[in-house]
Amino acid sequence: FKAVLGDKEKRYPEAEQWRVWNGLGWAHYYKGQHKEAVGAFQEALKPKKDNAEAWKGIGYASLYGLKQYDEAIAAFKQSLGMQAQQVDVQGLLAAAYLAKKEWGAAIAEYRKVTAATPGLADPWIGLAKAHAGKGEDKEAQAAYRKAIQIAPAYVMADPEFAKLIESRRGWEGLYAQVGDALAVAGKPTEAVTAYMKLLDRVPDAPAARKGL
């Protein structure tokens with residue numbers, strides 16, 4: 001990318017160099033160079049103000065690399081304003097609100113994403129965490145059940161899932177639902193693990209005994 005940008009013979013059209021800056025931005029991002037990524041994406045915006053991909057990249061680097069949530073939220077909103085129906089960016093905006101603990105805003109955005117892509121587990125998990133953060137346990141558990149139906153092993157592998165169950169009363173039954181879903185999916189070993197976690201919390205739990 002740098003070679004193209006530094007080409008003195010200018011064999012690459014200047015009007016298209018924003019694409020190269022975009023590529024350099026993502027290269028920096030995936031190399032863990034988040035400040036440099038933001039800088040490259042900002043350069044990509046100079047020749048093309050409506051560069052939705054560059055705003056998305058700035059949001060990515062700000063959210064996951066620099067932990068600058070306000071900047072991430074602003075960048076994702078810019079990207080969405082320039083290119084509609086970016087469900088992935090809508091999810092990233094929701095994640096930024098979640099990271100900032102703006103529960104209501106996160107819930108609103110995650111609802112948009114789950115409506116558009118109901119078969120993906122991540123948005124349901126995010127929605128569950130946002131509801132939990134807001135103290136809405138019933139809604140949080142309902143969202144987790146949706147995620148469990150889609151990807152039970154993925155839900156189970158998330159450390160925050162166990163932490164939430166440990167910190168709240170009445171959430172133990174989610175382990176049984178994970179176990180049931182894993183059993184149906186033909187993963188008996190993983191199902192047993194889920195049932196045993198329920199028994200650790202509630203000895204002789206009927207749902208766990210039945211599942212085992």
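Would it be correct to say that Glu16 is in contact with a helix residue (DSSP H, G or I) (Cβ under 9 Å, 6 or more places away or on another chain) and either over 29 Å from Ala115 (Cβ atoms) or not aliphatic (A, V, I, L, M) (or both)? No: the conditions fail for Glu16. A count restricted to the stretch 27-60 and to residues that are within 19 Å of Val4 (Cα to Cα) and in contact with a Gly (Cβ under 6 Å, 6 or more places away or on another chain) stands at 3. Within the stretch 71-108, restricting attention to residues that are within 14 Å of Ala52 (Cα to Cα) and small (Gly, Ala, Ser), the residue that is nearest to the chain's Cα centre (by Cα) is Ala72.
This table checks each residue for (1) out of contact with any Phe, Trp or Tyr (no Cβ under 6 Å at 6 or more places or on another chain); (2) modelled with pLDDT of 95 or more; (3) more than 21 Å from Asp200 (Cβ to Cβ); (4) not charged (D, E, K, R).
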| site | (1), (2), (3), (4) |
| --- | --- |
| Lys101 | yes, yes, yes, no |
| Gly104 | yes, yes, yes, yes |
| Asp122 | yes, yes, yes, no |
| Ala130 | no, yes, yes, yes |
| Gly135 | yes, yes, yes, yes |
| Lys138 | yes, yes, yes, no |
| Gln141 | yes, yes, no, yes |
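The residues of the stretch 30-50 that are open to solvent by less than 60 Å² (accessible area, probe 1.4 Å), under 24 Å from Ala84 (Cβ atoms) and not aliphatic (A, V, I, L, M), listed by number, are Phe41, Lys48. Scanning the stretch 1-29 for residues being touching a residue at least 12 places away in the same chain (Cβ under 8 Å) and either under 22 Å from the mean Cα position of the chain (by Cα) or open to solvent by less than 70 Å² (accessible area, probe 1.4 Å) (or both) gives a total of 14. Which of the residues belonging to the stretch 182-212 are in a helix (DSSP H, G or I), open to solvent by 30 Å² or more (accessible area, probe 1.4 Å), among the small types (Gly, Ala, Ser) and within 17 Å of Ile150 (Cβ to Cβ)? Residue satisfying the conditions is Ala183 alone.
The values are calculated or read from the model by the stated rules, or taken from the named source; none is laboratory data. Quantities reported herein were computed from a predicted structural model and do not represent experimental measurements. As a convention, Cβ positions derive from the backbone with ideal geometry for all residues, glycine included, and neighbour counts pool all protein chains shown. These accessible areas exclude ligands, DNA and RNA; they are computed on the full protein's heavy atoms, side chains included. Shrake-Rupley method; radii C 1.70, N 1.55, O 1.52, S 1.80 Å.
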